[in-house]
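To start, the structure itself, in structure tokens.
The values are calculated or read from the model by the stated rules, or taken from the named source; none is laboratory data. All values reported here derive from a predicted model rather than from experimental measurement. Glycine gets a Cβ as well: all are built from the backbone with ideal geometry, and neighbour counts include every protein chain shown.
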Amino acid sequence: MFVKHNQSAKEEADGLRLLQKALQDNPYIFIPDFNLVNENELHVQYINEVEPTKEHFTALGKGLALLHQKSYEYFGYDKDNYIGLNPQKNILSKEWGSFFVEYRLAYQISLIQNADVQKSFSALLQNNKAKLQDFLNEYTEHSSLVHGDLWSGNVLYDKEKVWLIDPAVYFGDREVDLAMSEMFGGFSSIFYESYEKAYPKSKAYETKKVIYNLYHHLNHYNLFGSGYLRECENGFELIAKL
């Protein structure tokens with residue numbers, strides 16, 4: 001077993017449990033076995049990693065599409081969890097646009113330490129709130145269970161299987177996972193082709209990708225500093241042009 005020590009052990013275990021249940025009949029992607037020892041310690045099955053192959057990326061695309069195709073009644077989540085080291089605030093909502101604006105973008109803006117930056121971003125969000133919510137609602141088909149932090153470091157491969165780890169789960173637009181997967185260089189094109197064949201992206205995906213990754217850029221700005229500020233500004237510039 002691999003032992004993880006962090007403040008979000010309980011929330012991570014809850015997320016792994018939810019994904020494990022949702023993936024019971026999914027033959028393409030898997031969740032490691034795990035055991036929550038206490039609030040700060042999680043024991044996770046050790047994966048003997050190998051370099052991913054074409055077959056791995058094909059399976060990841062098919063498996064993620066299959067996970068996303070299942071529809072749920074609400075957006076959000078019934079408990080708070082974490083996105084990296086920052087809290088991820090949640091409620092259950094019937095409307096995706098307002099949930100994303102308030103509980104993803106506005107909450108991250110509230111964490112900004114620089115008063116001028118916070119004031120600027122808050123005004124930009126407020127001035128464009130209505131049209132942003134309408135845009136997201138128009139181009140979101142249904143609520144899906146999403147991994148929430150789907151970058152390459154949170155996908156492992158052994159000789160036979162693809163494994164998902166370190167989730168920040170909630171119910172939302174499936175394309176938040178695809179957007180996040182592209183943020184740090186992305187996966188093999190085989191993954192995207194496999195996903196697209198199983199579940200084609202919406203026609204608004206390229207615009208939504210920037211909006212959804214604004215959440216992660218804000219989170220990284222709050223955690224790691226000004227190196228992410230320009231990407232945040234780019235996201236708000238796109239929103240203003242909607």
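Can you pull out every residue in the range 222-242 that is among the charged types (D, E, K, R) and in a helix (DSSP H, G or I)?
Passing the criteria: 230, 231, 233, 237.
Give the range 92-112 a look and list any residue that's polar (S, T, N, Q) and without any contact (Cβ under 8 Å) to a residue 24 or more places away in the chain, or say none.
Passing the criteria: 93, 110.
Residue-by-condition table, conditions (1) in contact with a helix residue (DSSP H, G or I) (Cβ under 8 Å, 6 or more places away or on another chain); (2) within 28 Å of residue 92 (Cβ to Cβ); (3) surrounded by 21 or more Cβ atoms within 10 Å (Cβ to Cβ):
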| residue | (1), (2), (3) |
| --- | --- |
| 179 | yes, yes, yes |
| 184 | yes, no, no |
| 202 | yes, yes, no |
| 211 | yes, yes, yes |
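Being within 26 Å of residue 99 (Cα to Cα) and without any contact (Cβ under 8 Å) to a residue 60 or more places away in the chain, is that true of even one residue in the range 170-177?
Yes, some residue in the range 170-177 is within 26 Å of residue 99 (Cα to Cα) and without any contact (Cβ under 8 Å) to a residue 60 or more places away in the chain.
Looking only at the range 92-112, count how many residues are out of contact with any helix residue (DSSP H, G or I) (no Cβ under 7 Å at 6 or more places or on another chain) and either outside any helix (DSSP H, G or I) or among the β-branched types (Val, Ile, Thr) (or both).
2
Go through the residues of the range 17-29 one by one and say whether even a single one is closer than 20 Å to residue 142 by Cβ, touching a His at 6+ places or on another chain (Cβ under 8 Å) and not small (Gly, Ala, Ser).
yes
Is there a residue in the range 141-159 that is within 23 Å of residue 224 (Cβ to Cβ), at pLDDT 95 or above and of a type in the set (Lys, Arg)?
no
Looking at the structure I just gave you, is residue 132 farther than 17 Å from residue 204 by Cβ and in contact (Cβ under 8 Å) with a residue 60 or more places away in the chain?
So residue 132 fails the test.
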